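Notes follow the structure.
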Amino acid sequence: MNTQERAARVEQLSQQMNQKNAAYFQEMSKYIRKEEEISDVKKEELLLYLVQKICKHERKGVNADQLFGASAAAYCTQLIDDVKMRRPRTLREKIKYYIMIPWVTITWVFFIFMITGFFGKWFGGELANTTINSGILVLIAGLAIVFIESITRFLGPGQEDDGAKKAAPSSDPMQPRKFFDMRAFGIYIIIALAVVAVGLLLNQIMPSFVVTPWQSLIIFIIGLLGQIFIFARRSK
């Protein structure tokens with residue numbers, strides 16, 4: 001479905017809403033379409049998702065303000081912030097996102113192994129191999145996910161928007177980030193400590209292996225190509 005077809009479908013579904021939901025969605029549509037920092041393709045994707053969600057719940061007797069909060073503009077402010085931060089919203093995006101983080105992290109870990117391995121040769125010695133434990137790689141990947149999640153949650157845009165705080169919570173997978181609170185921060189700390197504990201345990205039971213600087217270089221190149229051709233191809 002191209003952009004024009006999405007726009008036509010959005011218009012068709014919006015005409016099927018009751019008056020209250022139609023007015024709510026009209027406000028959402030105006031807010032999203034005036035945003036200049038995201039593409040028209042992404043705008044229509046968002047609007048199609050929202051209009052389908054509203055129509056689906058309207059048939060169950062649930063209005064848009066019950067789904068997204070009293071203020072359509074507040075919800076859209078958070079939603080657009082998440083789009084700019086490239087936060088995952090659909091299941092497919094989340095799977096790709098949580099594969100991408102450890103992929104990128106491990107790729108650059110092997111870059112460090114490569115550089116340190118070549119240092120000996122550069123300074124007149126021999127190439128230095130690196131012994132790596134599989135559990136440590138799992139630990140690094142897990143901590144990378146926790147770190148990125150905490151950064152995008154607590155340091156992303158829109159955190160000071162008082163109006164957006166009025167948006168109601170939702171189980172919707174496109175629900176934007178919630179705002180900073182100490183309980184959530186504490187949960188991230190606990191998760192990080194749990195990841196460290198599991199990683200250290202795996203370090204005791206998982207095998208180690210040796211890589212040469214040249215092998216690290218090959219792994220780094222493969223990882224970098226994956227970043228470019230698999231994960232970097234994302235619309236705004």
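List the pairs from 96/121; 56/96; 56/84 whose alpha-carbon separation is above 31 Å, in the order I gave them.
Cα-Cα > 31 Å for 96/121; rest within.
In percent, how large is the relative contact order of the stretch 20-126, given Cα pairs closer than 8 Å and 6 or more residues apart?
Rounded, it is 26 percent for the stretch 20-126.
Given the Cα-Cα distance of residue 108 and residue 123 and 0.36 nm per residue of separation, how much length would full extension add, in nm?
3.1 nm
Using a Förster radius of 25 Å, what is the FRET efficiency between residue 115 and residue 147 based on their Cβ-Cβ separation? Nearest 0.05, please.
0.70
Sort 100, 17, 1 by accessible area with a 1.4 Å probe, largest first.
From most exposed to least exposed: 1, 100, 17.
How much FRET efficiency would the formula 1/(1 + (r/R0)^6) give for residue 65 and residue 15, where r is the Cβ-Cβ distance and R0 is 25 Å, rounded to 0.05?
With R0 = 25 Å, the Cβ-Cβ based efficiency is 0.85.
If 14, 208 are ordered by their accessible area, calculated over protein heavy atoms with a 1.4 Å probe, which sequence runs from highest to lowest?
208, 14
If I take R0 = 45 Å and measure r between the Cβ atoms of residue 209 and residue 188 in this structure, what FRET efficiency does the formula 1/(1 + (r/R0)^6) give, to the nearest 0.05?
0.90
Over its Cα atoms, what ratio of radius of gyration to 2.2 N^0.38 Å does the stretch 12-113 give?
1.36
Any idea how far apart residue 218 and residue 91 come out in nm if each label point goes 7 Å out from Cα toward Cβ?
3.7 nm
For 188, 24, give the ranking by accessible area with the largest first, probe 1.4 Å.
188, 24
The values are calculated or read from the model by the stated rules, or taken from the named source; none is laboratory data. Note that the structure is a prediction, hence the values are computed from the model and not measured. Don't worry about glycine lacking a Cβ; one is built from the backbone with ideal geometry, like all the others, and counts go over all protein chains shown. For accessibility, only protein heavy atoms count, side chains too; no ligands or nucleic acids. Shrake-Rupley method; radii C 1.70, N 1.55, O 1.52, S 1.80 Å.
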